[in-house]
1. If you take the residues of region 284-303 that are open to solvent by less than 50 Å² (accessible area, probe 1.4 Å) and in a loop (DSSP other than H, G, I, E, B), which of them is farthest from Val118 (Cα to Cα)?
2. Out of Lys425, Lys432, which single residue is open to solvent by less than 10 Å² (accessible area, probe 1.4 Å) and touching an Asp or Glu at 6+ places or on another chain (Cβ under 6 Å)?
3. Identify, please: which residue in region 443-462 is open to solvent by 20 Å² or more (accessible area, probe 1.4 Å) and in a loop (DSSP other than H, G, I, E, B) and is, among those, nearest to Glu502 (Cα to Cα)?
4. Name every residue in region 346-357 that is buried (at least 22 other Cβ atoms within 10 Å of the Cβ), in contact with a Ser or Thr (Cβ under 9 Å, 6 or more places away or on another chain) and either closer than 12 Å to Pro386 by Cα or in contact (Cβ under 8 Å) with a residue 60 or more places away in the chain (or both), in order of residue number.
5. Under the condition of being in a loop (DSSP other than H, G, I, E, B) and at pLDDT below 95, which residue from region 102-114 is farthest from Asn158 (Cα to Cα)?
6. Search region 233-245 for residues being open to solvent by 70 Å² or more (accessible area, probe 1.4 Å) and in a helix (DSSP H, G or I), and hand back the single one that is farthest from Leu74 (Cα to Cα).
7. Of the residues Ser206, Ser171, Ser160, which is in contact (Cβ under 8 Å) with a residue 12 or more places away in the chain and under 16 Å from the mean Cα position of the chain (by Cα)?
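The values are calculated or read from the model by the stated rules, or taken from the named source; none is laboratory data. Computed from a prediction, not measured in an experiment: that's the story for all the values here. Every residue, glycine as well, gets a Cβ built from its backbone with ideal geometry; the counts of neighbours run over all protein chains shown. With ligands, DNA and RNA removed, areas are computed over all heavy atoms of the protein, side chains included. Shrake-Rupley method; radii C 1.70, N 1.55, O 1.52, S 1.80 Å.
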Amino acid sequence: MYRLVRRASSFRFQRLNEGLAKQLAVQPASCPDTKGFMDKLAHLRQQSVFGDAKRIEKQHQKHKLSARERVELLVDPGTFVEYDQLVTHRCTDFGMEKTKHPGDGLVSGHGYVDGKLVFVYSYDFTVGGGTLSETVAEKVCKVQEKALNAGAPIIGLNDSGGARIQEGVQSLGGYSDIFYNNVQASGVIPQLSMIMGPCAGGAVYSPALTDFIFMVKNSSFMFVTGPDVVKAVTHEEIDMEGLGGAKVHSSKSGVSHFALNNDVEALMFVRNFLGFLPSSNREKATPKPTADPFDREIPVLDKFVPEDPNKPYDMRVVLKSICDDEYFLEVQPDYAKNILVGFGRLGTETVGFIANQPQSLAGVLDRLSSIKAARFIRFCDSFNIPIVTFEDVPGYLPGVHEEHNGIITHGAKILYAYSEATVPKITIITRKAYGGAYCVMNSKHLKGDFNYSWPTGEIAVMGAKGACEIIFRGGDIPAETKKYEEKFANPLIAAQRGFIDEILTPRDTRKRLIQDLKLLKTKKVERPWRKHGNVPL
């Protein structure tokens, strides 16, 4: 599949270059008095577009596309407009004046993905190892600023050896300029980073400041210091994959949101992913038409939650069954598996889903799941994406390890994110909603717009057995537990107090969510003026 698509890409790329070469050949003939200049210009452009054939072949041997092939596959055919194709570096030290290449190792410009304007820059590893020079930084900053001015997403394709050592502080200054622009664009336009090769040292902080990171398995690496430095300083031996590969960052560190099998799969995935996002914080995501009926009932959900409160079930099945066309795009599927986050559509509109996952750690909240959910909630709120929460949580994870690693601070992140969010917020309790975790998961008290419970909901300070062991210490615990369950192991008291709006028949969940989101389309919330809040980082 990879080779087939790469060959198709190469063919399309070749056709593009042939057209450009043909166009350039006409220009000298039409301007005979400048023939010498036009020939030189055509040569430079061809050098920039075609690059070094031997080095590009080395990329292909590593199962990697060239920088320009990646851009051509990412955007719609014939829509890419390149910037600064003839720019070269200005370094004259260490013989660098003899190694100038038009474009200086970065392909940048704008194009369209399914008709949506996007800005893109792609590091070219075949030119100076894709290292960042002062002029490369200027090219990246230009694209960032144009994307901000146009209100359109920006996508960075990283395959770089890091700072260009020969340029010294100019290269470091260039990184700082890029970082600053990343921060200015945060929450204004979607920023996506694709790691398709090495990304080390200071270079890692630009992707870290963006919204989503996509890594390619077996060919992409991210780390602040490489294996050799780690060995010299800490005497730990580890290879590049084990230190900062796609698997590590998508399952252990949480740095990466997605790990894809190869360049082609990653680029196609990003094209699909962009369909869920708006172009900027001033817009909403484009609706996607569907034949899935808005009032579709889902009878299987009526008895989906097991009667045994300790028996797990897959919340992912619930989310998929409710979404349009049963399609749910999960974000960070291999990290903090006790909570699910991702995108789907309801009634053609993009929705952000957060859900406890009973199949992993019983759906308990811990520091990693809190961080994962909080960041996703804040992204959705920044870009006008409604938030739907499915709740089945027995509480926060107890233990010395969690306490000593800051569960209090990290657990507060998700509480802060939900409280801060002003987009439509709807919660469905499917089973357990215990203790502080009930409060945190977008309860009515955090200004949830609509809060529902299925009949299987249990809303209480803690589970029946644990509560009775405290309340009736020394008494008949089994008998008291049964009474407690009859009174509290259901959503009735919460409904009577108005803490939930309705006890919802599970099969009607999709229909009710679509109705509520339609009602909340015009929701507006006024907040007290402030420079910014102080998130518990």
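1. From region 284-303, those open to solvent by less than 50 Å² (accessible area, probe 1.4 Å) are 285, 290, 292, 296, 298, 301; that's our starting set.
Still in the running and in a loop (DSSP other than H, G, I, E, B): 285, 290, 292, 296, 298.
Numbers: Ala285: 14, Thr290: 25, Asp292: 29, Arg296: 35, Ile298: 38 Å.
Out of the qualifying residues, it is Ile298.
2. Step by step, each of Lys425, Lys432 is checked, and only Lys425 is open to solvent by less than 10 Å² (accessible area, probe 1.4 Å) and touching an Asp or Glu at 6+ places or on another chain (Cβ under 6 Å).
3. Top of the filtered list is Pro455.
4. Hits for region 346-357 are Thr350, Phe353, Ile354, Asn356.
5. Top of the filtered list is Pro102.
6. Val233
7. Being in contact (Cβ under 8 Å) with a residue 12 or more places away in the chain and under 16 Å from the mean Cα position of the chain (by Cα) holds for just one of Ser206, Ser171, Ser160, which is Ser206.
Table: residues versus (1) at pLDDT 95 or above; (2) out of contact with any His (no Cβ under 6 Å at 6 or more places or on another chain); (3) small (Gly, Ala, Ser); (4) closer than 18 Å to Gly352 by Cβ.
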| position | (1), (2), (3), (4) |
| --- | --- |
| Pro491 | no, yes, no, no |
| Ala495 | no, yes, yes, no |
| Gly498 | no, yes, yes, no |
| Asp501 | yes, yes, no, no |
| Pro506 | yes, yes, no, no |
| Lys511 | yes, yes, no, no |
| Lys518 | yes, yes, no, yes |
| Val525 | no, yes, no, yes |
| Gly533 | no, yes, yes, no |
